[in-house]
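The values are calculated or read from the model by the stated rules, or taken from the named source; none is laboratory data. Just so it is clear, the model here is predicted, and its values are computed rather than measured. Cβ sites come from the backbone with ideal geometry, for glycine too, and all protein chains shown count toward neighbours.
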Protein chains: 2
Amino acid sequence: MSTARDLATTPGLSQIADVLAAGGDRLADLLERAEGRLGRVAEGYGPALEGHVSGTLAAGGKRLRPMLVYISAGESASDDLVAAAVAVELLHMATLVHDDVLDVAELRRGQATVFAAGGREAATATGDLLFSRAFAVLATTGRPDAVRALSDASSALARGELLQREDAWSRDLPVERYLERCGLKTARLFAAACRLGALLGDPGPPAADALAAFGDRIGLAFQIFDDVLDVSGPVERTGKARGTDLLDGTVTLPLILARRADPAIADVDLRGAVTNAEEAAVLCNRIANTGALDEAREVALGHVAAAKDELRALKALDERQRALLELVADGVVERYA
Amino acid sequence: MSTARDLATTPGLSQIADVLAAGGDRLADLLERAEGRLGRVAEGYGPALEGHVSGTLAAGGKRLRPMLVYISAGESASDDLVAAAVAVELLHMATLVHDDVLDVAELRRGQATVFAAGGREAATATGDLLFSRAFAVLATTGRPDAVRALSDASSALARGELLQREDAWSRDLPVERYLERCGLKTARLFAAACRLGALLGDPGPPAADALAAFGDRIGLAFQIFDDVLDVSGPVERTGKARGTDLLDGTVTLPLILARRADPAIADVDLRGAVTNAEEAAVLCNRIANTGALDEAREVALGHVAAAKDELRALKALDERQRALLELVADGVVERYA
């Protein structure tokens with residue numbers, strides 16, 4: 001099971017360490033409480049399912065979404081807040097487990113996926129269980145507005161997943177459609193995390209929309225930057241081969257921008273031209289040479305700036321909370337910096 | 001979109017027609033309201049997902065679980081009750097859509113499955129969306145006890161699905177383990193439907209456990225009888241080939257009992273001996289010849305009787321509601337009668 005200390009020392013995530021340091025004992029304590037509750041989430045569901053769930057949870061991850069719940073909540077440290085953080089993380093994990101089935105992915109975060117360890121059936125059931133437990137845990141707060149926030153994000157995730165597969169291999173994907181997909185697949189859950197923190201924490205419902213808008217913007221920035229990292233690498237930092245998006249036909253912002261800049265790249269049909277890691281690495285280099293990566297990073301930074309603007313409209317935030325949120329906003333585009 | 005009238009005339013479901021007739025205008029009206037809300041559940045999720053969801057919903061089904069919500073609620077006819085009925089049906093459908101992916105099933109209720117029409121990705125995303133919408137709709141009731149009831153049933157379903165696949169092809173499955181699986185896969189959602197009706201309707205929280213126990217028992221009876229029908233047919237009534245369980249290695253009560261009665265059947269290894277519809281039909285006949293089907297029907301009837309006993313403990317029920325619940329209890333084991 002990962003702890004706040006593990007998170008702080010996860011390679012390449014120096015920004016997370018900064019956030020943890022600034023968040024102090026409150027944040028560390030809340031994250032530990034979330035880990036404890038995550039560890040018990042599959043208890044009583046039989047050894048097979050417990051094994052798959054605890055393996056998924058133990059594989060770690062940055063716990064960025066729970067952190068957003070906590071930071072958005074101000075100084076509150078209630079059990080309801082921990083429930084919300086756990087629920088958001090469970091939903092995130094449920095989608096990862098289902099994605100791994102669809103992608104026939106053997107490894108995630110260096111560990112065997114549930115799909116690899118238990119097969120398609122076990123992974124589908126594990127994902128469904130994680131979905132269910134997310135809502136069960138959140139229901140303990142007794143807050144229907146919280147349940148609604150999570151279920152809306154969950155519905156958006158499903159739609160985003162579908163959009164990604166509909167648009168696979170597209171040769172003329174508009175930027176707007178790419179951004180819509182990022183919004184559905186990634187940003188809505190960031191937004192829900194911030195909304196839950198507001199609803200259940202100190203800011204309260206009046207601040208929920210503004211904090212959700214902040215979350216939405218940094219979610220977009222996070223996803224765009226993720227897509228840049230897929231092209232830029234390096235492997236030692238990202239932990240995965242360059243160009244995995246290109247290999248599975250996922251059209252991202254760097255490719256869209258590179259196609260505009262270089263007609264030869266515009267003519268590349270991913271399905272025929274990128275069939276192995278070497279070909280993917282070659283195309284990554286060609287994309288990088290157009291300057292598309294810097295351009296995409298600029299787009300991401302634009303969303304970070306817009307996120308901070310959302311905070312400025314929130315008069316109720318104290319300076320400490322604002323500073324922490326800004327640190328997270330900067331962090332999502334400075335990973336591996 | 002199916003209506004109360006369509007339900008009443010679904011071939012072979014004469015018992016449902018009896019329940020509808022006895023339920024009068026209140027039940028017909030509530031079922032129509034559920035259909036209306038089910039029809040709008042995917043609005044705003046894009047044409048592809050809307051198409052898959054509305055296809056799944058329009059394929060109909062008996063709406064037995066919504067009926068249980070309504071009948072358990074007494075005379076109440078609130079929007080919250082409709083929300084609960086819709087949520088239970090959405091969850092049921094979510095699991096069917098995911099099951100069809102795992103079973104590589106092309107047809108369900110005579111219509112192309114989402115898996116067949118849209119592929120694995122679309123079906124996984126559609127199932128996830130239906131899961132999410134179930135909780136979103138239920139959250140509109142503002143009742144965390146309701147959300148908890150559904151999420152507990154949802155978790156049980158996931159575990160039951162896994163158990164079924166773990167136990168596939170087993171040559172010595174104990175009856176207890178078979179019943180445990182039926183409880184998780186089927187009965188818990190019946191129980192949740194009754195619990196939701198009690199919580200949100202006239203009986204109120206004090207009657208919730210007893211009504212849930214009633215639902216649990218008839219859910220068990222329903223599943224056992226379903227497993228009998230898989231062996232007994234006839235195809236014209238059940239709408240599917242005999243022995244589909246045998247073909248995919250699912251060990252059910254008729255087979256367990258037949259193995260006890262006939263050592264030659266006990267020696268059959270499903271994986272090698274039942275590889276096509278003809279071999280499945282032959283084994284179905286051999287199982288029927290042992291008397292195992294009557295014996296399994298008796299077990300189902302025992303659970304129906306136990307279900308009625310649960311109702312007797314409920315002093316608060318009025319006679320009309322008790323009579324309707326008993327009609328449903330009898331109906332689940334007299335389908336196609």
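Computed quantities for the displayed model
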| quantity | calculated |
| --- | --- |
| Subset of segment A:102-122 [surrounded by fewer than 18 Cβ atoms within 10 Å (Cβ to Cβ) and part of a strand (DSSP E or B)] | A:Leu107, A:Gln111, A:Ala112 |
| Given (1) buried (at least 24 other Cβ atoms within 10 Å of the Cβ); (2) within 12 Å of chain B (Cβ to nearest Cβ); (3) of a type in the set (Val, Ile, Thr), number of the condition A:Thr140 does not satisfy | (1) |
| For B:Asp248: the one exception among (1) surrounded by fewer than 22 Cβ atoms within 10 Å (Cβ to Cβ); (2) modelled with pLDDT of 95 or more | (2) |
| Some residue of segment A:162-170 being basic (Lys, Arg) and either over 30 Å from B:Arg143 (Cβ atoms) or more than 9 Å from every other protein chain (Cβ to nearest Cβ) (or both) | yes |
| Qualifying residue in segment B:174-196 (condition: of a type in the set (Asp, Glu) and without any contact (Cβ under 8 Å) to a residue 12 or more places away in the chain) | yes |
| Filtered residue count, segment A:41-80, keeping only those that are free of Cβ contacts under 8 Å to residues at least 24 places away in the same chain and on the phi > 0 side of the Ramachandran plot | 2 |
| Among the residues listed as A:Glu75, A:Glu43, A:Glu32, the single one being surrounded by fewer than 24 Cβ atoms within 10 Å (Cβ to Cβ), of a type in the set (Asp, Glu) and within 14 Å of another protein chain (Cβ to nearest Cβ) | A:Glu43 |
| Filter result for the condition that a residue is among the β-branched types (Val, Ile, Thr) and over 20 Å from the mean Cα position of the chain (by Cα), over A:Thr250, A:Thr238, A:Thr244, A:Thr275 | A:Thr275 |
| Residues (more than 7 Å from chain B (Cβ to nearest Cβ) and not small (Gly, Ala, Ser)) located in segment A:108-122 | A:Arg108, A:Arg109, A:Gln111, A:Thr113, A:Val114, A:Phe115 |
| Filter pass, B:Ala158 being more than 7 Å from every other protein chain (Cβ to nearest Cβ) and part of a helix (DSSP H, G or I) | no |
| Residues located in segment A:20-38, provided they are of a type outside the set (Gly, Ala, Ser) and modelled with pLDDT of 90 or more | A:Asp25, A:Arg26, A:Leu27, A:Asp29, A:Leu30, A:Leu31, A:Glu32, A:Arg33, A:Glu35, A:Arg37, A:Leu38 |
| Matching helices (runs of 4 or more DSSP H) fully within segment B:265-337 where at least 2 residues are closer than 20 Å to B:Glu75 by Cα and out of contact with any His (no Cβ under 6 Å at 6 or more places or on another chain) | B:292-312, B:319-332 |
| Flag for A:Ala125 being surrounded by 24 or more Cβ atoms within 10 Å (Cβ to Cβ), more than 8 Å from chain B (Cβ to nearest Cβ) and of a type in the set (Gly, Ala, Ser) | no |
| Test: residue in segment A:290-313 that is among the hydroxyl-bearing types (Ser, Thr, Tyr), free of Cβ contacts under 8 Å to residues at least 60 places away in the same chain and loosely packed, with under 15 Cβ neighbours inside 10 Å | no |
| Residues of segment A:143-154 that turn out to be within 7 Å of chain B (Cβ to nearest Cβ) and of a type in the set (A, V, I, L, M), as a count | 1 |
